[in-house]
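The structure appears right after this line, and notes come after that.
The values are calculated or read from the model by the stated rules, or taken from the named source; none is laboratory data. Just so it is clear, the model here is predicted, and its values are computed rather than measured. Please note: Cβ atoms are built from the backbone with ideal geometry, for glycine as well, and neighbour counts cover all protein chains shown.
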């Protein structure tokens, strides 16, 4: 079943990190994603809000594998249109097998032709979210038109889940091992983890994304599993304190582009 | 069978009516669960969809939400829904009290939750497997074969309804739609936790508050949950001022804030 694919994604991220003698990071996830999906490029963008209570969500390409993909990702946020923008706004994947067809050009009149001009025919955009809490987005750019095959689509979604955990950990300064990462990523599919996140958000007056990061940091610091701590929080056996708050949390959800690491967006992982 | 022809006909019409512009998959599957409990006279019904990790996730349930949720999580390692999903056939156990060697952990969990009989129905169309429907009864005894056939027909209608969207639009729509369902479900769980903490109640009671508010205001569960987690909905408790002062969410000055607990008051006005 897809379980195997899920493990395969983590193996690919970790293998890449090991080859550099480094702990697994967001950068490795972006690189492994582009490789495993045979993409011309992959980009992870951070989300932030222009103002509270509006739909004014903007993104900033943070990690780009492939210079063209990085440019096109940035172009979307400049234009305010594109699959990545729609994926962030709707908290839903936006899968575009052919950017040259009429429906794509009709939906993104400026972006779609620009992408085709740059030799990109298909784009698959995935929100990186915990529920409706938007952390960022994953954009996968392909030179050939065509749908992502089922297993590749499942893998791309697992990569987006991996990026959620890696982004939260990066924010909190956690450098976890692979088993811990995999376990945490799977836990973020569990109902009680999200119930606990909601409770922590109410306890500490945090946005959901930061509440999840706090829960994760609390578990990590004590060598516990996220799922266990979440069960304790829901049962009211554990209550998080302000000391569990991640060191750098943005005022309104997600990670602010200013304190995220590495800095200057978009930075390319591999020279083209 | 207890259900009248008219009720059955209406249920089918409802479950194939997916081509509306404001289609909401959580609402849709919630209606499937409700219709199943009404028409099949079962105690509870849950709708489980498979995510991209191959994990079955509860996305909607009849009123017995809490008990069904727990049983859904167990079924990622063993249980009738996992069997129905992987094999694509209905799976039944009329009396869990006898024990079932296939699923010792599920059987124990189901009994602890007060269920004695279980029926799982696959949600699939040819090779496309979406998930499974979980029917649960408090009283032991085999499920009526007519009821099972009707349940499978409802599950099929709902599956076709979801997939139908795809054939009319693009192949990609199904994947997008399923992700929306899973994401919305997470927001609902977050909102349950948030409400539970603010109102000093447990998460199941919080779900009741959420659902009643959504119904009283004729709004979608998903939309109300999103408003709560994003701080657009006041979760104060006006009748308890000492609590209310401590519960203003984040105080970021949203102009369109609506007190959650005024739901009852509003209904009384109309």
With the condition kept exactly as written, say whether any residue in the stretch B:181-196 is under 21 Å from residue B:88 (Cβ atoms), at pLDDT below 90, more than 9 Å from chain A (Cβ to nearest Cβ) and over 19 Å from the mean Cα position of the chain (by Cα). no
I'd like the full set of residues that are within 20 Å of residue A:209 (Cβ to Cβ) and either without any contact (Cβ under 8 Å) to a residue 40 or more places away in the chain or out of contact with any strand residue (DSSP E or B) (no Cβ under 8 Å at 6 or more places or on another chain) (or both), limited to the stretch A:87-104. A:89, A:90, A:92
Six or more apart or on different chains, Cβ under 6 Å: which pairs go from a residue in the stretch A:160-174 that's assigned by TED's automatic domain parsing to the domain that holds residue A:131 to one that's at pLDDT below 90 and in a helix (DSSP H, G or I)? Could you list them? A:161/A:185; A:162/A:185; A:165/A:181; A:165/A:184; A:165/A:185
Could you pull out the residue among A:127, A:149 that is within 13 Å of chain B (Cβ to nearest Cβ) and buried (at least 23 other Cβ atoms within 10 Å of the Cβ)? A:127
Scan B:142, B:90 and give me the residue that is surrounded by fewer than 19 Cβ atoms within 10 Å (Cβ to Cβ) and farther than 20 Å from residue B:66 by Cβ. B:142
Within the stretch B:134-158, the residues that are out of contact with any strand residue (DSSP E or B) (no Cβ under 9 Å at 6 or more places or on another chain) and assigned to a loop (DSSP other than H, G, I, E, B) are B:144
Identify all residues within the stretch B:87-109 that are touching a strand residue (DSSP E or B) at 6+ places or on another chain (Cβ under 8 Å), part of a helix (DSSP H, G or I) and in contact (Cβ under 8 Å) with a residue 40 or more places away in the chain; write none if there are none. B:96
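To keep it simple, each residue is scored yes or no on (1) surrounded by fewer than 20 Cβ atoms within 10 Å (Cβ to Cβ); (2) more than 14 Å from chain B (Cβ to nearest Cβ).
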position	(1), (2)
A:160	no, no
A:163	no, no
A:187	no, no
A:190	no, no
A:205	yes, no
A:211	no, no
A:222	yes, yes
